[in-house]
1. Roughly what would the spin-label model give for PHE214 and GLN323, points 7 Å off Cα along C-beta, in nm?
2. So for the chain, taking the charge dipole from beta-carbon charges (+1 Lys/Arg, -1 Asp/Glu), which of VAL92, PRO122, PRO405 sits furthest toward the positive end?
3. ALA131 versus ARG227, label points 7 Å from Cα toward the beta carbon: distance in nm?
4. What are the trypsin sites (Lys or Arg not before Pro) within the range 108-173 that DSSP puts in a loop, where the Cβ has at most 16 other Cβ atoms within 10 Å?
5. Give me the distance in nm between label points sitting 7 Å out from Cα along the Cα-to-Cβ direction at GLN108 and LEU439, one decimal.
6. Shape call for the range 198-255 from the C-alpha gyration tensor, a ≥ b ≥ c root eigenvalues: rounded (a/c under 1.5), prolate (a/b greater than b/c) or oblate?
7. For the chain, which span is the longest to avoid every loop-located (per DSSP) member of GluC sites (Glu not before Pro) having at most 14 other Cβ atoms inside 10 Å?
8. Mind giving me the FRET efficiency for GLU312 and LYS274? R0 is 30 Å, r the Cβ-Cβ distance, nearest 0.05 is fine.
Amino acid sequence: MSTTLQSIPSLGTHAASGINPGRAEIRERLSRASYDLLVIGGGILGISTAWHAAQSGLRVALVDAGDFAGATSSASSKLLHGGLRYLQTGAVKLVAENHFERRAVSRQVAPHLANPLTFYLPVYKGGPHGAAKLGAGVFAYSALSAFGDGVGHLLSPSKAAQDVPELRTDNLKAVAVYGDDQMNDARMALMTVRAAVDSGAVVLNHAEVTGLRFTRGRVTGAELKDRLDGTEFGVDARLVLNATGPWVDHLRSLEDPNAAPSIRLSKGAHLVLKRTSPWKAALATPIDKYRITFALPWEDMLLLGTTDEVYEGDPREVSVTEQDTKQILDEAAFSIRDQQLSPDLITYSFAGLRVLPGGPGDTAKAKRETVVTEGRGGMLSVAGGKWTTFRHIGRTVMQKLAELPGHPLGEDMEPVGKLPKKLPLPGIANPRAVAHRLLVDGPAPGPRMSADTARHLATHYGSLAFDIARIANERPELAERIHPDAPEIWAQVVYARDHEWAETADDVLRRRTTLTIRGLATDEVRGKVQGLLDGK
């Protein structure tokens, strides 16, 4: 590389230029003001609620002990889907509602961050479901989506094998076809954080709650510690929302040491592999009556999973075990040829924790419903739900706030029903048009932007990709790739630092880019990224 990246100065932290204020300034804002709502937890549930609350006119603060979407919200199957398996339980209304939200997000709210994906559901001889049943199921599924993704139907094995070359065709009787959408969950969450801030919310990641503040027995704020430099501070709020996901009961115990457990956890593990050939569709293979294993073309790789088992350990220590890896590969082998399933192709693995309502029963059969409860100190706790319905969950929590007795927030809020139904996330644009313009107006001097980089920027930032292109244009050394085998460029690191609250190398490599999941986060790359984040 011709220029030493560590020598590039920071672009500054002046808020008026559209650059995020520094952490010290944000801590000062949080500690000096009094907020209507303090959201603890920067997963998608907390982020969505903060976004909707700020739209409603409330003064909103959002904090997270780690990074935004740093846990379960960036460890999903990356799908926006109606939930085909829910039809088995007769949850027709739920599937229709999920489809409505999926279509809204992928078509009006964030078409630059979501893309349609065709799913093939193979029917093998002796499998848990017959062709006629699955054919009827995918037709009904597409009908509940108003046939917006085509008509669910059956396909011949030979045609399916053309689109998925690694599909096993032995004993394959038919293939059912349906449509859903996929996304990069971390990028979707970060854009929602940005939308919340654009609406007036004040946010801070890497800020851990060490205690709650009480006024006459009511929770009225929190004590926090900046995990990056140890600074302690506090936030006052009329209402506190506990949206800490797997940690929701831990925070409830700070409010009431005698609070009974309200949730249980289920671990979902995934593997990311290099692809041995192009895939034009995803596979959704039935394992038994209730479970499906996915093989998804994603970020030019293959995403396999997921598992579903009770988890009772420390949420911070959730990981993919050798047993998880073996299970995922063995289940994928039902429908995928061996050459695509070599352990040598694995670039990354990750595990997340589903938050389910407390109670007995198989986690695979448990409903992915959202539960909102109020503690004895008036703190609200929200847990559960699906990524697909993140906007609906935000509206649901806001409705709950408006109805709370003894809390005057409802008088200060814009009624939930009057909020824009399909307010777009920042950067909304046609990604193909953005990519084309990036190629035509690429950074100069120096070589023009490569097609895969332009496509990557367009589908991860939308029109905000032009801001990254300007950074690369001003500093040509930032137009270079971070790693030759990935589309990302160094300008994205600077953008993540100044506009997307990135503080650590993992913030950038795991959630704001795809370097980690590609297996390309080398020590050299990590060191240079951290140098840029430190402004050196």
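1. 4.1 nm
2. Ranked along the dipole, the leading option is VAL92.
3. Modelled inter-label distance: 5.2 nm.
4. LYS125
5. 3.2 nm
6. Working: a/c = 1.34, a/b = 1.22, b/c = 1.10.
In terms of gyration-tensor shape, rounded.
7. Details: sites that count: GLU312, GLU369.
No qualifying site falls inside 1-311, the longest such stretch.
8. Numbers: r = 34 Å, r/R0 = 1.12.
According to the calculation, E is roughly 0.35.
The values are calculated or read from the model by the stated rules, or taken from the named source; none is laboratory data. These numbers come from a predicted model, not from an experiment. Positions of Cβ are backbone-derived with ideal geometry, glycine not excepted, and every protein chain shown enters the neighbour counts. Accessible surface areas use protein heavy atoms only, side chains included; no ligands, DNA or RNA. Shrake-Rupley method; radii C 1.70, N 1.55, O 1.52, S 1.80 Å.
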